[in-house]
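The values are calculated or read from the model by the stated rules, or taken from the named source; none is laboratory data. Bear in mind that the values here come from a model prediction, so they are computed numbers and not experimental data. Here the Cβ positions follow ideal geometry from the backbone for every residue, glycine too, while neighbour counts run over all protein chains shown. When the accessible area is computed, the model is the full protein with side chains, heavy atoms only, and any ligands, DNA or RNA have been set aside. Shrake-Rupley method; radii C 1.70, N 1.55, O 1.52, S 1.80 Å.
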There are 6 protein chains.
Amino acid sequence: MKPTPKSRRKAAPLLAFGAHPDDIEFGCGGVVACETRAGRVAHFVVCSRGEAATHGTAAQRVAEAKQSAALLGATVEFVELDGDALLEAKVAHTIKLASILRRVRPGIVLAPSLVADQHPDHARLGQLVRDAARLARYGGLKELRSLPPHAIDQLFFYAVTPEGEPPDITPVLIDISATEIVAAWTAAMDAHASQARSRNYAALQLARARLWGLRAGVGHAMALYPNDPLVLDSLAQAGRGARRF
Amino acid sequence: MKPTPKSRRKAAPLLAFGAHPDDIEFGCGGVVACETRAGRVAHFVVCSRGEAATHGTAAQRVAEAKQSAALLGATVEFVELDGDALLEAKVAHTIKLASILRRVRPGIVLAPSLVADQHPDHARLGQLVRDAARLARYGGLKELRSLPPHAIDQLFFYAVTPEGEPPDITPVLIDISATEIVAAWTAAMDAHASQARSRNYAALQLARARLWGLRAGVGHAMALYPNDPLVLDSLAQAGRGARRF
Amino acid sequence: MKPTPKSRRKAAPLLAFGAHPDDIEFGCGGVVACETRAGRVAHFVVCSRGEAATHGTAAQRVAEAKQSAALLGATVEFVELDGDALLEAKVAHTIKLASILRRVRPGIVLAPSLVADQHPDHARLGQLVRDAARLARYGGLKELRSLPPHAIDQLFFYAVTPEGEPPDITPVLIDISATEIVAAWTAAMDAHASQARSRNYAALQLARARLWGLRAGVGHAMALYPNDPLVLDSLAQAGRGARRF
Amino acid sequence: MKPTPKSRRKAAPLLAFGAHPDDIEFGCGGVVACETRAGRVAHFVVCSRGEAATHGTAAQRVAEAKQSAALLGATVEFVELDGDALLEAKVAHTIKLASILRRVRPGIVLAPSLVADQHPDHARLGQLVRDAARLARYGGLKELRSLPPHAIDQLFFYAVTPEGEPPDITPVLIDISATEIVAAWTAAMDAHASQARSRNYAALQLARARLWGLRAGVGHAMALYPNDPLVLDSLAQAGRGARRF
Amino acid sequence: MKPTPKSRRKAAPLLAFGAHPDDIEFGCGGVVACETRAGRVAHFVVCSRGEAATHGTAAQRVAEAKQSAALLGATVEFVELDGDALLEAKVAHTIKLASILRRVRPGIVLAPSLVADQHPDHARLGQLVRDAARLARYGGLKELRSLPPHAIDQLFFYAVTPEGEPPDITPVLIDISATEIVAAWTAAMDAHASQARSRNYAALQLARARLWGLRAGVGHAMALYPNDPLVLDSLAQAGRGARRF
Amino acid sequence: MKPTPKSRRKAAPLLAFGAHPDDIEFGCGGVVACETRAGRVAHFVVCSRGEAATHGTAAQRVAEAKQSAALLGATVEFVELDGDALLEAKVAHTIKLASILRRVRPGIVLAPSLVADQHPDHARLGQLVRDAARLARYGGLKELRSLPPHAIDQLFFYAVTPEGEPPDITPVLIDISATEIVAAWTAAMDAHASQARSRNYAALQLARARLWGLRAGVGHAMALYPNDPLVLDSLAQAGRGARRF
């Protein structure tokens, strides 16, 4: 039996972008764990080696990111843009990211939110990814001609910290309550050992997921913010609402 | 084989509330047609007989509403609150609507948006329905004791006209492009013949659905606004994004 | 030495309003514990006996509220408006609450947020309190003439759950990290034993306070939303910003 | 007696950034006068010499800025970025401003609002300062290694004109009513004599401060917009609300 | 020559609603002066006699309102709803106001903004007027049958104080700079002598109009907030933009 | 008879900027047709040759744009910035656009909305035009000295697709219902034949204009979003409101 177009779309890989080696894990690691458990291929693109951080060398952080991605069932690559804490919104970067999109050909893309939070690189990368998702589909761009155009299914934003949660987009909540999911996610966050020295980021993220979970009537949940309205064939797809309390 | 809880939930009826005999049809008729085609039971609760309209008697409008509901595959009942154009946000009304919720026991509820539009009754009824959805689940309310508590799965708002579209809720777009759906919906709108005399409401709604459809990359679509974030088990449920152009 | 006007103002009591016996504790209990520890008098006004809840009788809930208030160092009184889950925005209620304001003569008033959350009574009571704070200062209102007018210093809103957090008001974060404060607050929440049967409300609130705390660089914090901009004599009063991560 | 950490923090200098020689004075001069009167050290960083203005040469404007800063009790330095009306959001600028932050080591930082107003440089500089305040605290940035990291207490935005007032941040209002404060501020604005030729900017600012003052129940007030929620130890710090009328 | 429909519409009276005897004057008096100077008929409907104010008896305030309206070239009538500070959003009030709309048959209607400010009556009256403007045009409302339906051209909101300025509506600014307009408006505000005892409301309003004027590049201006987008035949009607500074 | 200042202002040309050869036509072509019919001179500045599009060569698209402009009664020029899909927000571009503004000396300027939509170039160009409108009026900018300063009357944004409609600006609706206007606009859109292959953009725009028209009570209308509040001499200029349904 040949795969139908629909089932092929579901099988399209998930592609997540992070500005620093731990952003994806902290911001949406539980969702990635969920998706890889369900059989979806996941790939991470990390856009610096975290070399501006107070703790941890670039080499340490790259190693941590590789270990962490593996714990989530994902592969990872590093792309050099301007360097940690030095990211600028250049079209040359957009082109570079668009060519990755054409190579990986994902269904779903995850990127940091466009809302400025504690690190300037986050929102700037989100903007670059959003632009890249557009350029990837234009047939006439000579800078991208070596690979065929590609249109993704949906771009979701994640927020590395609560400050980055977009106030004007209604999130979708992904139920990540299964014990093995929370465990895999926690392990992936803990793999970034160099960053745990000064602050308890993992505790922040678990409290956040617990809070979303309690609101959704489940154990833990993570919020993703769609760049565009969801298009559904029927309300049967729409799950249920989060107002449990 | 016994139905699982999940499949039972999907089978739960859809319950739509309208302030006037034609509000449901104009605001979300295409979605209802979609759902009843897919086998879901749909029931309408109309909260006035439209007696304040410039055209059409109450009797005519009730007859039109019955015919229209039938064309959409739905049943309809009328409930008296304060009368057309006279609706007030009284708790006694909330109790009345909550008891209907306990009787019908729907999964999905559709109600007019909370954003004020051209008719004061619309947003006011939306508020009453939202409150009723809460009261329906409280076990201790003696006014509702004759029926067991009921928790709905999700409340979606529809906008009777574009003015009522909530600017701060990301909609979900339901693809209503199938020829028979658009035809059933158009027929249902046309059934309200008394209202077609002065204004072309149906043309407005079809232009709106065409515009949403073009944005979603399909023929026609309608927007619904969830009261609470959607809770999904996986991104595979999330459909695709609307950014087609 | 006679007290200066300023120190007298600081000594003015805190008055907190709740729609149900546990709202104040869940929504701002940690702040109340903070203030009473620092010597401020605190008084609660609870506007129903929680008789519509799925669990707990009115008598039980009143007893729990009394015990809980005592654990926070506050006194409590009950006022009958329309009954649990039946609250309407009547001016007669505003007058009743305004006369309490004139009697207690607080500096700071705490009320549930105006943003609708899971219970219709919450936002409605917030509205009544805001109106009452205005009426309390009008000299000519004959309904209130038995007590002299009173102007409060500031009205802060609290959110019983995250859904009620106003997106358009910048909160102030109160550091409630001291061990004895968190303990007193937890005990006060636990005193509402009848409500703990079906849901872990206290866990929700502690996760929320932990999350605000992590954002503020402290152990636990609670957010209050001022009704009006703060007026300060100097930036030395402005504390520090919350961007710790 | 050794100074406590708290009093030392209060003594930390105020650092204000302006895109043009008169922006600080027009946008927050009254607050600076307040703080220097209270003994706080204040320093201005002006990021162009105003050479694109219709009136006044660069040399005149630098001289006016020095005189004006002196009238407010502040010191001033000039930093060259891209030149008046030509400012771009380059990371190299962020690094330059971050190194100033590490040198001056302020508690409070004032910067133009991120909301675009009549001059493109204003919001762009605000963005650069916000980013700089982050980079100043990262230990690993080799571009900044010559000076130890520094974390500020709070970043406040000021609006050069009403168009720049952020609609989504609740301001704090600083009471600047004292006669000598208003006089010092007015003198500082008048010191920019070259800019008074075509428009009465000082009249605009005084009307604005009068309006905020009337709203706050005092003579004159200025609004500052915190980048992050205020963290307070107690509600006693929260001053009073502005709803005087 | 018979008047064309267009010129007749321009001649349609202006109808302004106020909750208290001085609201219209303080909130939009300058605009009324402008319009009556230009030959338009203006009529005020005042919905209480201001009897809850700290200063001034009902009789005094009615007399002041009559004098003030005359100074602006307007007529005035009083309508009893619930009394000062006691206004509720009842449909019976909407009907009463709608019947006034049918009697006066205005082109332009002015009403207090829907944004809550320092007095609960203001926004509530704004809501009643907006609803009334709808009901006035419905042909079937038996409560209004004694007068023929009437559709107004536009509803504008005014803000009694800056707190009531709607943040989500772009205002139109009316140039009221002419000396005789400002003088007439000031005299009309001063006519409310009983309210001048405790606070300088007129100074607040003049500072506000001066600030809007400076933004608009004129002496004084007042902001009105349209309920619906303006429909223009050509951009020649669109005047000019306010960004003068 | 000498022209009065007012009539001279009305005669000032309209200048519209587009990022790609068809943006102006799709986003505001009907308004341009309206204005040129009324005798106003219109000029288009197109900032790329659309060479990144999936269909159509640069040469084809330039030819289409020229034909289309002619159908709308406008002239057109092309300016090279960074190329299609590669636009960056550089001050050098702002200078280039500002010098065009000084040369053409328009009254009204039309530019794409600042709200990001499906193409990154759109909002970026809008930003450049807004900045350019400011720089054009500064007397001291040596980069622009060859032409005298120029202040425009108003900047209006248009949205190429509904996604770009600014949610926080109240639009003005221009009635474009006249048969010849709709015909000219449709012909101008159809002139971009190369873009019609894959998507029915013209159908999208006509549905949009029909929807705005139905809301405004006319056949077709287009929405423009003013950068600054409109300044009017009288309410007689304010047209009528759009709430027809």
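The figures follow:
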read-out: In the stretch E:156-180, the residues that are at pLDDT 95 or above, open to solvent by less than 10 Å² (accessible area, probe 1.4 Å) and either touching a Lys or Arg at 6+ places or on another chain (Cβ under 7 Å) or under 19 Å from D:LEU204 (Cα atoms) (or both); value: E:LEU173, E:ILE174, E:ILE176
read-out: Residue count for the stretch C:40-69, restricted to those that are more than 14 Å from chain B (Cβ to nearest Cβ), farther than 19 Å from C:TYR201 by Cα and out of contact with any strand residue (DSSP E or B) (no Cβ under 8 Å at 6 or more places or on another chain); value: 0
read-out: Lone unmet requirement of (1) over 20 Å from C:ALA85 (Cα atoms); (2) part of a loop (DSSP other than H, G, I, E, B); (3) facing another protein chain (nearest Cβ under 10 Å) for B:VAL31; value: (2)
read-out: Residues of the stretch E:188-215 that turn out to be open to solvent by 40 Å² or more (accessible area, probe 1.4 Å) and assigned to a helix (DSSP H, G or I), as a count; value: 7
read-out: Residue match in the stretch E:141-152 (condition: under 18 Å from the mean Cα position of the chain (by Cα), over 18 Å from E:ALA111 (Cα atoms) and of a type in the set (A, V, I, L, M)); value: no
read-out: Residue list for the stretch F:96-115, restricted to those being open to solvent by 10 Å² or more (accessible area, probe 1.4 Å) and in contact with a Gly (Cβ under 9 Å, 6 or more places away or on another chain); value: F:LEU114, F:VAL115
read-out: Residue within the stretch F:57-79 that is under 21 Å from F:ALA136 (Cβ atoms) and among the small types (Gly, Ala, Ser) present; value: yes
read-out: Members of the stretch D:38-95 found to be open to solvent by less than 40 Å² (accessible area, probe 1.4 Å), under 24 Å from D:ALA196 (Cα atoms) and among the small types (Gly, Ala, Ser), listed by number; value: D:SER48, D:GLY50, D:ALA52, D:ALA53, D:GLY56, D:ALA58, D:ALA65, D:SER68, D:ALA69, D:ALA74, D:GLY83, D:ALA85
read-out: Which listed residue is out of contact with any Gly (no Cβ under 9 Å at 6 or more places or on another chain) and of a type in the set (Ser, Thr, Tyr), from E:THR179, E:THR170; value: E:THR170
read-out: Any chance B:LYS90 is among the basic types (Lys, Arg), more than 11 Å from chain C (Cβ to nearest Cβ) and within 30 Å of B:THR57 (Cβ to Cβ); value: no
read-out: Count of the stretch D:146-173 residues which are part of a helix (DSSP H, G or I) and facing chain C (nearest Cβ under 8 Å); value: 0
read-out: Yes/no for C:ALA223 being surrounded by fewer than 22 Cβ atoms within 10 Å (Cβ to Cβ), in contact with a Leu (Cβ under 7 Å, 6 or more places away or on another chain) and touching a residue at least 60 places away in the same chain (Cβ under 8 Å); value: no
read-out: Count of residues meeting criterion [within 14 Å of another protein chain (Cβ to nearest Cβ) and either at pLDDT below 95 or under 29 Å from F:ALA236 (Cα atoms) (or both)] in the stretch E:75-87; value: 0
read-out: Lone qualifier among E:ASP228, E:ASP233, E:ASP190 - being within 8 Å of chain F (Cβ to nearest Cβ) and without any contact (Cβ under 8 Å) to a residue 60 or more places away in the chain; value: E:ASP233
read-out: Qualifying residue in the stretch D:1-13 (condition: part of a loop (DSSP other than H, G, I, E, B), within 30 Å of A:HIS119 (Cα to Cα) and modelled with pLDDT under 95); value: yes
read-out: Test: residue in the stretch F:116-136 that is free of Cβ contacts under 8 Å to residues at least 40 places away in the same chain, part of a loop (DSSP other than H, G, I, E, B) and either away from chain A (no Cβ under 14 Å) or crowded, with 19+ Cβ neighbours inside 10 Å (or both); value: yes
